[in-house]
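The values are calculated or read from the model by the stated rules, or taken from the named source; none is laboratory data. Since the model is a prediction, treat every value here as computed from it, not as a measurement. When we count neighbours, we look across all protein chains shown, and the Cβ atoms used for this are built from the backbone with ideal geometry, even at glycine. Ligands, DNA and RNA are excluded from the accessible area calculation, which covers all protein heavy atoms including side chains. Shrake-Rupley method; radii C 1.70, N 1.55, O 1.52, S 1.80 Å.
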Amino acid sequence: MYYLGIDLGGTNIAAGLVDENFNIVHKDSIPTNAKGRDDRAIVKDITYICKKILNDTNTDVSEVKWIGVGSPGTCDIENGIVVYANNISFRNTPIRKWIQEEINIPVYINNDANCAALGEAYAGATKDASDSIMITIGTGLGGGIIINKKIYSGFNGSGGELGHSIIVLDGEKCTCGRKGCWEAYGSATALKSQTSRSEERFSRNAET
């Protein structure tokens, strides 16, 4: 049997077909194009990349046990819904329902950083540890906490949302609407912005 894993990011949708020994058999990705697109269109692309991988590998859907989706934001894992994601337009988005309308196999969702942390705990850098913490840096900044090889979700599924911990009082504005979040300083998006501002200041100083 195989499994399809989806890493939904603010920049790309990455997908992989994985065997029972945690080996990635085939992978592919497409741009998320999150800006200005509604959630249904983005989920449509998730089903597209799943079908493409199955077609490219000549794998029948009956050979796939389930689809796992790692999504930014807060997830209702029981009902397969992304409650809120600030870097993409997901608000109570029923990912499981919409995917199953086109690919009728079990679908599981969780926060993307939680999924990454769990993957490392079972097949990666922390497989020899029972407890671990992972930080993910991309469009946003996320965190996953593993205790006894299980995801620590905390209150309302947000236990690992380390990127929205306030590190600077009244600091840089974050995409979540608050100020001073770690994500506003440590994400790839924030680092690029800081670099651009530094280059502009250097250019102005050089001219003077």
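Here are some notes:
- Of all aspartates and glutamates in the structure, the ones whose alpha carbon falls short of 17 Å from that of Lys179, not counting any fewer than 8 places away in one chain, are Glu161, Asp170.
- Here's the list of aspartates and glutamates a cross-link from Lys35 could span, going by alpha-carbon distance under 16 Å and ignoring same-chain residues fewer than 8 apart: Asp45.
- Surface accessible to a 1.4 Å probe, per residue, for the residues of segment 46-201, Å²: 53
- For Lys127, the lysines whose Cα falls under 26 Å of its own Cα, not counting residues fewer than eight places away in the same chain, are Lys27, Lys65, Lys149, Lys150.
- Part-to-part distance (alpha-carbon centres) for segment 1-79 and segment 80-102, which is given in Å: 13
- Hull-based mean projected area of the chain, where the convex hull spans the alpha carbons, in square nanometres: 13.9
- Given R0 = 22 Å, the distance between the Cβ atoms of Asp128 and Tyr84 translates into a calculated FRET efficiency of 0.05.
- Cβ-derived FRET efficiency at R0 45 Å, Asp170 paired with Ile77, nearest 0.05: 0.85
- Estimated FRET transfer efficiency when R0 is 25 angstrom, pair Lys149-Ser62 (beta carbons, to 0.05): 0.25
- Crossing angle, helix 112-123 versus the chain [Cα axis fit, 0-90 degrees, rounded to tens]: 60
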